[in-house]
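Quick notes on the structure that follows.
Derivation of every value follows stated rules applied to the coordinates shown; laboratory data play no part. Because the structure is a prediction, the values reported are computed rather than measured. Positions of Cβ are generated from backbone atoms using ideal geometry, with glycine treated the same way; all protein chains shown enter the neighbour counts.
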């Protein structure tokens with residue numbers, strides 16, 4: 001009789017465990033996560049973005065096919081969706097470390113290039129190259145928005161695993177989400193939205209203050225902080241699954257005008273307003289001819305604004321005071337050529353000018369038929385480099401004085 005009672009108790013216990021697991025899906029391997037941090041841009045570059053998840057219970061390593069969704073200020077439909085790839089195949093963890101407090105870092109390629117921590121996954125539309133491996137990242141994004149840079153700066157919403165309960169059974173059917181920004185008018189799953197916009201200046205991210213099983217309030221649990229910043233359980237964000245944390249390096253700004261070299265149209269001279277009167281690629285501050293577009297610009301003294309320094313035109317025996325033959329070559333015999341690319345003075349760098357190199361090609365100074373007029377790079381020899389210099393100006397007109 002006693003043995004039957006023991007058997008019944010064991011069976012009842014096992015049945016109760018099954019019921020508990022069915023009633024509380026928090027034991028699944030992706031439910032117990034929080035959105036630890038969201039960045040929508042850094043140092044003026046809106047493409048430097050990341051989302052970090054943190055596990056608030058161990059064993060959350062199977063995330064394949066679950067999604068992070070991104071919404072703009074008003075659309076109820078996600079404008080971009082990231083789907084975790086099935087890294088190791090069925091039955092294999094998708095992230096190797098799944099202790100409580102572990103992170104999963106998903107970021108843009110621009111973040112990966114500028115940060116000192118390597119993300120676990122990169123947002124990709126199938127054309128993105130991982131800067132650490134130089135390999136193209138297979139597509140893991142869908143939607144109508146910017147699939148390479150899905151975090152909406154300003155106002156928006158980021159959610160993880162829509163349609164699933166969080167660790168605490170009975171809450172909203174989304175594992176975690178954060179809505180933010182003054183213009184956001186969509187739904188808010190937990191409490192009220194975080195009121196401030198997500199910035200792109202500095203290195204600020206929206207970070208969570210705790211890893212409670214059930215999120216309670218976007219407004220009360222999140223704050224804008226300059227990263228690296230400590231996030232529960234005490235490790236800085238951004239942090240990857242290997243436990244490595246890092247910082248986002250400041251871009252080079254040689255002239256200290258607040259515009260990074262990579263996007264500064266005159267990185268050697270301070271010009272925060274980036275004024276560019278003639279619309280070429282050079283800002284007024286370092287353009288030797290700010291009123292005349294010179295796409296083949298050479299920075300230095302260039303009186304006639306034709307892209308060749310006065311000293312080089314002296315070497316080439318061309319006219320440093322006139323940029324273009326205005327009479328189409330009819331009356332220029334005996335006069336210096338105006339534009340070094342234009343041998344026949346017809347105001348255009350064309351095939352005839354390139355063919356003029358045939359008689360003198362491969363000659364060197366001072367042996368005839370060497371002629372400095374053809375030595376555009378002043379190398380002392382008339383080589384392929386001189387001919388190749390025609391490529392950016394081929395079939396273009398010279399620049400008449402303004």
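Modelled this way, with points 7 Å down the Cα-to-C-beta line, the labels at residue 354 and residue 224 are 5.4 nm from one another. For the stretch 189-324, the alpha carbon convex hull comes to 166 Å³ per residue, rounded to a whole number. Shape analysis of the chain based on the Cα gyration tensor places the equivalent ellipsoid semi-axes at 65, 23, 17 Å, largest first.
For all pairs of alpha-carbon atoms in the stretch 201-251, what percent lies in each bin of width 10 Å, listed from the first bin to the last filled one? The calculated distribution, bin by bin, is 24, 50, 24, 2.
Relative contact order, whole percent, for the stretch 63-138 stands at 19, derived from Cα pairs under 8 Å and 6 or more residues apart. Applying 0.36 nm per residue to the separation of residue 321 and residue 275 and subtracting their alpha-carbon distance, the gain on full extension is 13.9 nm.
Note on residue 187 and residue 99: with the Förster distance fixed at 30 Å, the Cβ-Cβ geometry gives a FRET efficiency of about 0.35. Here the extension length gained between residue 247 and residue 268 equals 4.9 nm, from 0.36 nm per residue of separation less the Cα-Cα distance. What is the distance in Å between the Cα centres of the stretch 108-145 and the stretch 163-234? Cα centres, the stretch 108-145 to the stretch 163-234: 24 Å. Here the extension length gained between residue 135 and residue 169 equals 8.1 nm, from 0.36 nm per residue of separation less the Cα-Cα distance.
Assuming R0 = 30 Å, can you tell me the calculated FRET efficiency for the pair residue 127 and residue 388, based on Cβ-Cβ distance, to the nearest 0.05? For residue 127 and residue 388, the calculated efficiency is 0.50. What is the angle, in °, between the Cα long axis of helix 2-23 and the longest principal axis of the Cα atoms in the chain? Nearest 10 is fine, range 0 to 90. In the chain, helix 2-23 runs at an angle near 30 degrees to the longest axis. Descending by average beta-carbon neighbour count within 10 Å, the peptides 227-234, 367-374, 55-62 line up as 55-62, 227-234, 367-374, the highest first. A Stokes-Einstein calculation at 10 °C with viscosity 1.306 mPa s, built on the Kirkwood radius of the stretch 29-237 over Cα pairs, returns a diffusion coefficient of 95 µm²/s. Based on alpha carbons, the Rg and Dmax found for the stretch 229-280 are 17.8, 55 Å. Based on C-alpha pairs under 8 angstrom that are at least 6 apart in sequence, the chain has a relative contact order of 12 percent.
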